[in-house]
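A short worksheet on the structure shown next.
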Amino acid sequence: MTIHSAGNHLVRILRLCSFFSHRCVLTGVRSHATCIQTYRFAPVRRQNGFLYYLGNCLDLKSNRFHSSEKTEYRIPTAVIEREPEDGNIYSREISGVSDPSDGHLSKRTIMQNLEALEEEFVTEQKSLSSAERIKPLEKFFDRLQMCTSPSDVLDLYKESTVTWKQVSNCLMTMWKTTKKMSEDQKRYERKLMFEHPVFEKICQQTLKGAQLMSCSDLSYSLFALVKIGVSQNSRLVHTLLRVIQERLNEFDERALSVLSSCVKNMEDNKSVNALRVGLRLLVELRIPVIKRVMALQTMMRCIGQDAPLPLKKKLENKAISLLNEFTLPNCQYMFVTLAVMDHRSLPLLETCSNRIIENIHSIPFWRLVHILQSCKDLWYRSPALLSAIGNHVAASLAIWQVKQLILFLVLFSELNFRHIELMNAFAQIILAKSESLTLKDVLSVLRVYSLLNHRPDEGWIEQFLQTVSDVFELYLSKCSSQELLRGVYSLCLMGHYPQVALNQLFRDDVLNELCSSASVYREANEQMLQCINLCLELENPSFIRQPVNTTVVDPSLSHSVNAELQKTVDTILGDSSLYQQGLMLKNLLFIDYVIALDQKSKNVVPIPQDDEIGSESDIQRVAVLCAPVSAFCFGTSHPKDRLAMKIRHLKVLGYHAVLVSEHEFGKLSEDERVGFLKSAIFTE
């Protein structure tokens, strides 16, 4: 039977495929690639340093056909050159047993040769990848780092061939370039970005490549898109959310951390809420296998403050079990982590506080700030920790800027903590560098010193108040009505009355704006104006002002009688006619108990019905004030802002104030309470 030449050629190709399918090797040529090209199976092409073969319709892999030119594998050429004499091309079966007379290699030899061939191929591909592909990527990322706006990134994207792996870097750079811009500049740059012709293309590429992206690329891409202002209802954002939900189990702790930061600030919708639930479930499942502290803290941040309490407790117990592995950065980061969770764990906080105190000198500024902010959020006050931070700052004043010191003082004041040495030292800095203060700085300084009722050394208290007041008045033309009111209120709490600022505050247009029903701070503004009026009436009556019409709320309605104090007063005096309970003065000063005391005999006398003591100088009116713990500076009996003002005003009105801390009074026994109150009333 005569075989047509075309059929003969086809048979050769099929037999060649049969050899490859049985993992045999060809001989008589220097490489498989050369062999395939010789027999016209597929022409060799090279792109980006990699070989590929056009027309590979049989779906053979290129790594099966390529090896180094240095290696030769020779078997008899008759395998591909001769045909069976009987014309039956299928008469020879390829078996695993080699026939020496036929010249075939054994299956074991073929496999060994093929494995060596594959290893050599992988090595060559790696060398090609390093040499020919990393350099263009480095050049691209170098240019990406030089971009200063989102439009620069889009221009670079247009000029380059960007893969889906580089898209997330482009999107993150677009966001980073706008981080430090002002709000007006951000709006302008975003407008240019959305109008850029390439912006739609990068969004389309992100949309198409979402399924191919790694978990980190997915989380960073979503984070950047939300930050640069892409609509959260867009198809792009919802596609990323859907893909993330499908692959959530593949996310590592870093990708989860970025994802949680993003999802936390996104608008509520079905996709976002489902992802939040999925994150919590994933965290709960991974708790037992967590071995690294950093991974645990990342998981704790993921669940957020809305997580159920049992889950928070599980994470807390896991953290406690890893306490021996905590480094100093872990201790610092634990404060922030617990604040994000809104979970106040005293064992963790106390252990981390002790470690921070031991290494306070090696902690940088922003870490200390974050620790104090977390203490405020968690309502956690450690006297040792706060004192250690205050001592460290006061001992190294030279290394801190004025704004940094102000930030420390503001955080201390929010914690009701008064560090006397630091506040005295900062007052001297204000006297030396008052010209460097901005309006915001001045308002912060006034707020801190008035809130904590701190008066620097008597020798230069007036100089300090006058200096701060002068700087404040320099900014009066730039002050809003709200800033003006707060500045004057703080100065009045400290007993200082700037005439120019007061004149501007009591202008009709300013008062109308502050007391307008449209103001969200109306109630607080009216209370501050009441305090200012009372301060002027009692301490600066020479100042002529217009009456302020405010809606006065009776403060006595919010006061309740302390049962323990009531029992103690009855025990000491024995007769209810010897004291007056719940007296309100000037519509603002509430007194728990008023007692009339004969100074000569040290006896209590009945109070007249009209409360007229007359000119009898031997009778002293005693005002017993019961104040909550929030009215005192932390850890002390030093009164704060309005309580200090009340004591000062009662003294002007002729009262001797006896201050009782409700919290400390409750800790005493009944006999100790009687002894304490007797000593306070009868001994000035």
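Could you tell me the center-to-center distance, by alpha carbons, between region 409-425 and region 446-502 in angstrom?
Their Cα centres are 17 Å away from one another.
Please compute the modelled spin-label separation between residue 651 and residue 581, points set 7 Å along Cα→Cβ, answer in nm with one decimal.
It is 3.0 nm.
Report D for region 347-440 in µm² per second (integer): Stokes-Einstein, Kirkwood Rh on Cα pairs, 20 °C, 1.002 mPa s.
D, rounded to a whole number, is 155 µm²/s.
Using only Cα positions of region 294-385, each an equal point scatterer, no hydration layer, compute I(q)/I(0) via Debye at q = 0.10, 0.19, 0.22, 0.23 Å⁻¹ and quote the log10 values to two decimals.
Values returned for q = 0.10, 0.19, 0.22, 0.23 Å⁻¹ are -0.22, -0.83, -1.13, -1.24.
Could you tell me the center-to-center distance, by alpha carbons, between region 239-263 and region 340-393 in angstrom?
The two parts, judged by their Cα centres, are 31 Å apart.
Could you calculate the FRET efficiency of residue 682 with residue 261 from 1/(1 + (r/R0)^6), where r is the beta carbon distance between them and R0 is 56 Å, rounded to 0.05?
E between residue 682 and residue 261, to the nearest 0.05, is 0.35.
Compactness ratio of region 237-277: Cα Rg over 2.2 N^0.38 Å, N = residue count?
1.06
List the pair-distance distribution P(r) of region 160-241, using every Cα-Cα distance, as the percent of pairs falling in each 5 Å bin from 0 up to the bin containing the longest distance, rounded to whole percents.
Calculated over all Cα pairs of region 160-241, the distribution is 3, 15, 28, 27, 17, 8, 2, 0 percent.
Under the classification rounded if a/c is under 1.5, otherwise prolate if a/b is larger than b/c and oblate if not, where does region 253-294 fall, given a ≥ b ≥ c as square roots of the Cα gyration tensor eigenvalues?
Taking the square roots of the gyration eigenvalues as a ≥ b ≥ c, region 253-294 is oblate.
Using the beta-carbon distance between residue 211 and residue 630 and R0 = 60 Å, what value does 1/(1 + (r/R0)^6) give for FRET efficiency, to the nearest 0.05?
Given R0 = 60 Å and the Cβ-Cβ separation, E is 0.60.
Please figure out what share of the DSSP beta bridges in region 573-676 is antiparallel and state it in percent, rounded to the nearest 5.
Looking only at bridges with both residues in region 573-676, the antiparallel portion is about 70 percent.
Protein chains only, probe 1.4 Å: how do 414, 473 rank by accessible area, largest first?
414, 473
At 1.4 Å probe size, put 640, 176, 270, 478 in order of accessible surface, largest to smallest.
So the residues, ranked largest to smallest area, are 270, 478, 176, 640.
Could you state the principal axis extents of the C-alpha atoms in region 163-318, from the largest down, to the nearest angstrom?
Sorted from largest, the Cα extents of region 163-318 read 52, 34, 29 Å.
For residue 370, what accessible area in Å² do you get when you roll a 1.4 Å probe over the heavy atoms of the protein chains, rounding to the nearest 10?
Roll a 1.4 Å probe over it and residue 370 shows about 80 Å².
In vacuum, with every alpha carbon of region 641-684 counted as one equal point scatterer, what does the Debye formula give for log10 I(q)/I(0) at q = 0.23, 0.33 Å⁻¹? Two decimals, please.
-0.86, -1.09
Just to make sure I understand: if all protein chains stay in place, what is the order of 235, 280, 355 by accessible area at 1.4 Å, largest first?
Result, largest first: 235, 355, 280.
Specify whether the C-alpha gyration tensor of region 401-494 places it in the rounded, prolate or oblate class, a ≥ b ≥ c being the square roots of the eigenvalues: rounded for a/c under 1.5, otherwise prolate if a/b is larger than b/c and oblate if not.
Here region 401-494 falls in the rounded category.
Long-range amide H contacts for residue 657: which residues qualify at under 5 Å (H placed 1.01 Å from N, peptide plane, sequence gap of 5 or more or a different chain)?
Here 623 satisfy the definition.
Using label points projected 7 Å from each Cα along Cα→Cβ, tell me how many nm separate residue 143 and residue 670, to one decimal.
Computed distance between label sites residue 143 and residue 670 equals 8.7 nm.
Length gain on complete extension for the stretch residue 398 to residue 435, per 0.36 nm per residue less the alpha carbon to alpha carbon distance?
Extra length available between residue 398 and residue 435 comes to 11.5 nm.
Using the reciprocal of the averaged 1/r over all distinct C-alpha pairs, how large is the Kirkwood radius of region 141-206 in Å?
Across region 141-206, the inverse of the average 1/r is 11.9 Å.
Starting from the Cα gyration tensor of region 492-532, take the square roots of the eigenvalues, sort them a ≥ b ≥ c, and report rounded, prolate or oblate (rounded when a/c is under 1.5, otherwise prolate if a/b is larger than b/c, else oblate).
Oblate is the answer for region 492-532, as a/c is 1.5 or above yet b/c matches or exceeds a/b.
Kirkwood hydrodynamic radius, computed over distinct alpha-carbon pairs, for region 227-307: how many Å, to one decimal?
Every distinct Cα pair counted, the radius reaches 13.1 Å.
Divide the volume of the convex hull of the Cα atoms of region 334-386 by its number of residues and quote the answer in cubic angstrom per residue.
68 Å³
Can you give the accessible area of residue 139 in Å² (nearest 10), computed on protein heavy atoms with a 1.4 Å probe?
We get 140 Å² for residue 139.
The values are calculated or read from the model by the stated rules, or taken from the named source; none is laboratory data. Not measured: the values here are computed from a predicted model. Here the Cβ is made from the backbone with ideal geometry for all residues, glycine too, and neighbour counts use every protein chain on show. For accessibility, only protein heavy atoms count, side chains too; no ligands or nucleic acids. Shrake-Rupley method; radii C 1.70, N 1.55, O 1.52, S 1.80 Å.
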